[in-house]
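**Student:** One structure follows; several queries about it will come next.
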Amino acid sequence: MLHKLLDRYCRLLSVLMAAALAVMVVLVFTNVVMRYAFNSGITVSEELSRWLFVWVTFLGAIVAMHEGSHLGSDMLVSRLPVQGKKICLVLGHLLMLFICWLLFKGSLDQVKVNLDSTSAVMEVSMGVFYASGMVCAASGAAILLNHLWRLVKGELSDDELIGIRESEEEPIDVPKPL
């Protein structure tokens, strides 16, 4: 149930990221053309692009965590028996949950400090900028807890016990010589 909800949530985040990237491209391109051709520009372009970039980065981290597409090394864990892989997965997830808590707490403190402060050009509360860390931390924690729950219920496959990919490329099936 929660796994399907997280799948939908990450699809929504992917759509939001694509929309944000499109807005960034249009804003920056239009701003460059206007500066060179008409000696003017869109005032909000740089600041909004920077904000969108920060949000896209944090939302992308959420989707990457859900898909297990963060890069890493499994040199030790891949050689362990299944029980050892499970222990490492639990320890790793507990450490990541602690990091999520630190990120959430730090972002929440920044939101509180900057809530009344507005950005220079858009005049929007800077709390919105720092809220991206809170969204990432809460979403990451939900993904990690779901993963741990699936481990407890015995729903994780052996491949899912190692939470990283060694390369960005999927393995290619090379035909064997005759």
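The numbers here are math on the coordinates, done by the rules we state, and not lab data. As the structure is a prediction and not an experimental result, all values here were calculated from the model. Ideal geometry is used to build each Cβ from the backbone, glycine not excepted, and the neighbour counts take in all protein chains shown.
**Student:** So what is the relative contact order of the chain, in percent, for Cα pairs below 8 Å that sit 6 or more residues apart?
**Tutor:** Working: 163 pairs, mean separation 47.0, N = 178.
RCO, the chain: 26 percent.
**Student:** Further question on the same structure: Amide H neighbours of Thr118 under 5 Å, at least 5 residues apart or on other chains, H built in the peptide plane: list them.
**Tutor:** Met126
**Student:** Running a GNM on the chain with Cα contacts under 10 Å, which residue among Ser132, Ser157, Ser45 ends up with the highest mean-square fluctuation?
**Tutor:** Largest GNM mean-square fluctuation: Ser157.
**Student:** Find the lysine pairs in region 2-161 meeting two conditions, Cα atoms under 25 Å apart and a separation of 8 or more places or different chains, and report how many there are.
**Tutor:** Lysine pair count for region 2-161: 5.
**Student:** In a GNM of the chain with a 10 Å cut-off on Cα contacts, which of Val26, Val111, Val63 has the highest mean-square fluctuation?
**Tutor:** Val26
**Student:** Using +1 on the beta carbon of Lys and Arg, -1 on that of Asp and Glu, and nothing else charged, what's the dipole of the chain about the Cα centre, debye to 20? Please list the in-between numbers first.
**Tutor:** On the way: 14 positive and 17 negative charges, 69 e Å.
In total the dipole reaches around 340 debye.
**Student:** What value does the chain have for Rg/Rh, both radii from Cα atoms and Rh as Kirkwood defines it?
**Tutor:** Details: Rg = 20.8 Å, Rh = 19.0 Å.
So for the chain, dividing Rg by the Kirkwood Rh gives 1.09.
**Student:** Moving on. In whole Hz, what ³J(HN,Hα) sequence does region 59-64 give by Karplus (6.51, -1.76, 1.60; θ = phi - 60°), x for Gly and Pro?
**Tutor:** Couplings: 5, x, 5, 5, 4, 5 Hz.
**Student:** Separation between the Ile99 and Asn146 pseudo-spin-labels, each 7 Å from Cα along Cα→Cβ, expressed in nm?
**Tutor:** The two pseudo-label positions are separated by 1.9 nm.
**Student:** Counting each pair of different Cα atoms once, what's the Kirkwood radius of region 87-158 in Å, rounded to one decimal? List each step's numbers first, then the result.
**Tutor:** Numbers: mean 1/r = 0.0730 Å⁻¹.
Hydrodynamic radius (Kirkwood, Cα pairs) of region 87-158 is 13.7 Å.
**Student:** Still on this structure, please answer the following. Per residue of region 139-147, what does 6.51 cos²θ - 1.76 cosθ + 1.60 with θ = phi - 60° give for ³J(HN,Hα)? Whole Hz please, x for Gly and Pro, Karplus curve as stated.
**Tutor:** 5, x, 4, 4, 5, 5, 5, 4, 4
**Student:** Would you kindly state the longest site-free stretch of the chain, with sites defined as GluC sites (Glu not before Pro) in a DSSP loop (not H, G, I, E, B) surrounded by at most 12 other Cβ atoms within 10 Å? Walk me through the numbers on the way to the answer.
**Tutor:** Numbers: sites that count: Glu123, Glu155, Glu168, Glu169.
Answer from the scan: 1-122.
**Student:** Follow-up question, since we're still on this one. Hey, with R₀ at 25 Å, roughly what FRET efficiency would Ser69 and Phe29 work out to, going by the Cβ-Cβ distance, to 0.05? Walk me through the numbers before you get to the answer.
**Tutor:** Values: r = 29 Å, r/R0 = 1.15.
The value I calculate is 0.30.
**Student:** Then there's this: Stretch Glu155-Val113 to full length: gain in nm at 0.36 nm per residue minus the Cα-Cα span? Don't jump to the answer; show the numbers that get you there.
**Tutor:** Working: separation 42, 0.36 × 42 = 15.12 nm, distance 4.23 nm.
Full extension of this stretch gives 10.9 nm more.
**Student:** Hey, for a label at Ala120 modelled as a point 7 Å past Cα toward Cβ, could you say which residues of region 19-38 have their backbone N under 19 Å away?
**Tutor:** Only 28, 31-32, 35 fall inside the zone, counting backbone N under 19 Å.
**Student:** So how far, in whole Å, is the C-alpha centre of region 127-166 from the one of region 36-81?
**Tutor:** Answer, in whole Å: 17.
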